[in-house]
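S.K.: My questions all concern the structure below.
The values are calculated or read from the model by the stated rules, or taken from the named source; none is laboratory data. Bear in mind that the values here come from a model prediction, so they are computed numbers and not experimental data. Quick reminder, even Gly has a Cβ in these numbers, built from the backbone with ideal geometry, and neighbours come from all protein chains shown. Accessible surface is based on the protein model in full, side chains and every heavy atom, while ligands, DNA and RNA are left aside. Shrake-Rupley method; radii C 1.70, N 1.55, O 1.52, S 1.80 Å.
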Amino acid sequence: AALESHARELRAALAAEALRRFSSTQACAELLRRMTSAAARRIKRADDLIWADYSIPADMAGWLHAMCPVLVAFPLPMVLVDVSLPGAPVVLANKSFCKLTGYDLREICGRSMRFLQGAVSEPEAVAAIRDSIRRGIDSHVRITNYRKSGVCFSNLLSLRPVHDSNGVYRFSVGVLVPTAVEVGGESCHGTLDSRLDLLEELMDVLPKTVQVSSRPVGLRHARDGPRQAEVAADKGVSRDRIQAALEEALALPFGPLGGKTDYDNHHIDHVRSCAQANGFALDPQIKAMAGKLGLEPPRPAPWLAMFVHLADLLDVAVLVSEAHGGLPLVYCNNAAARLTRYSVSEMLGRSCRFLQGPDTEDEAVGRLSASLRAAEPASVELTNYRKDGSQFRNALFLQPVHDSCGACRYVIGLQADAADSPSVRRAATVFRLLPTRFAAELQPAPLTALVPEAQLHTQWRSSLAALSRLALCADWGATLRSIVRQPVALEAF
């Protein structure tokens, strides 16, 4: 017991001190580059995480796809807003932000962050936020916001502007640190001190500039201006700096706000709008599928989100791939992970060909390929391989899904162990109920399909390595455990 206690203390000390120092070294940068080199060969698009109606800027698509999964998984509430669009709408929010505010993701994306403000939001803080976004500078502001329920909560809002290499102001990353232990009955991540520690580390590694090959279009800021130079001179963001920036922001001279009436109804107006139609309609085929399977139909949303809602409830292995570019998987449920013994994260972004092996039948693969080329449904039994190398006979069902414009958009796959007859019958039943078509406006085709691949890959590779350091500081303990299990990483550490 004493040895275990000493080991825990040692691990905590290594994670708290040595690992933090290691993360800022060239050895760590080289390690991250090597560890991400395999993933960098294939872009894992994050269209499903981004605002459904958002047209991703072609010259920032590689960075955005790399940034999204890191931001979504981070424990602090975070949002990404596009400052080039009117009102600076939210294009991405993570689960912690949804939990803190009580809003569903569909009620957040596409909106200005003003919807969190209300009658008791401090006018000085509102003005400081506006000034920070207008000038494209780092900002730390304490403000009172509102949850969807109407409950107020106090938080420290930190904003990090993201410029492109032309000096054009493109995005702003917002991080919320609630000052209370819990908000609206929801417990917050860690203690206030631990949240502020995490904020310091986060602000130290959040990107400020993204390399682009495009010409400058939009509002440009002097990258070497006094405020920017001051930020660039800092090697880290200390707790004192955050507090000083907060006091400085609240002391700035502001012009008239026009009275509190310009924002004190934002929260109320937004709650009312959330209660109204969100612009989507419930897909009739998905509604029929839910009814015949005895499941609660999903709320109106983008088509893929509605289908995923049902697939998450099924005990049948379900996979969804995009119908182009090598058929990368954009969704797989837990039943698929149990069948193949790969984790969900290990499958996403890959073609299902990774399940094939030496004994996979060429004739069966040929039938599948012909079905996919013709965008027609198919069912076939073939030999596949689990992660541990063991074989299983896979009863595979494929259903292409077209939009109302006639384009094949997705391929839904159902899998079952052919040795388990009840599972095969269940998969066959679900297969007959799968949707085959949806209205194009329910799932607009992503603009990223038009992005030049060479440019997208270049930005993706550089962003993936850079943003991996941001993922490290999300949980130093977990990072240390991961390093210990990998000889190459342990040797570098």
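S.K.: For the stretch 44-139, what mean projected area does the convex hull of the alpha carbons give, in nm²?
M.R.: 6.8 nm²
S.K.: Now, a different point. So, R0 is 22 Å and r is the distance between the beta-carbons of ARG353 and ASP104; what FRET efficiency does that work out to, to 0.05?
M.R.: On the way: r = 35 Å, r/R0 = 1.61.
Approximately 0.05, to the nearest 0.05.
S.K.: Another question, if that's okay. With every protein chain left in place and a probe of 1.4 Å, what is the accessible surface of CYS405, to the nearest 10 Å²?
M.R.: The accessible area comes out at roughly 110 Å².
S.K.: For a quick check of understanding: with a 1.4 angstrom probe and all protein chains in place, what accessible area in square angstrom does PHE431 have, to the nearest ten?
M.R.: So the heavy atoms of PHE431 present about 40 Å² to solvent.
S.K.: Highest mean first, what order results for 282-290, 359-367 on Cβ atoms within 10 Å? It would help to have the intermediate numbers written out before the result.
M.R.: Details: 282-290: 17.6, 359-367: 12.7.
Top of the packing list down: 282-290, 359-367.
S.K.: Give me the distance in nm between label points sitting 7 Å out from Cα along the Cα-to-Cβ direction at ALA2 and ALA419, one decimal.
M.R.: With each label placed 7 Å out from Cα toward Cβ, I get 5.0 nm.
S.K.: I'd like the FRET efficiency for ASP362 and ALA407, computed as 1/(1 + (r/R0)^6) with the beta carbon distance as r and R0 of 35 Å, rounded to 0.05.
M.R.: The formula returns an efficiency of 0.70 here.
S.K.: How big, in percent, is the set of alpha carbon pairs in the stretch 322-442 lying more than 23 Å apart?
M.R.: Distances greater than 23 Å cover 28 percent of the Cα pairs.
S.K.: If you don't mind, there's one more thing I want to ask. Per the Kirkwood definition applied to all pairs of different Cα atoms, how many angstroms is the hydrodynamic radius of the stretch 299-340?
M.R.: 11.0 Å
S.K.: Expressed as cubic angstrom per residue, what is the convex hull volume of the alpha carbon set of the stretch 69-124?
M.R.: 105 Å³
S.K.: Subtracting the Cα-Cα distance from 0.36 nm times the residue separation, let me have the gained length for ARG299 to LEU282 in nm, one decimal.
M.R.: Fully extending the segment from ARG299 to LEU282 adds 5.4 nm.
S.K.: Tell me, what is the FRET efficiency for GLN26 and SER213 to the nearest 0.05, using R0 = 30 angstrom and their Cβ-Cβ distance as r?
M.R.: 0.70
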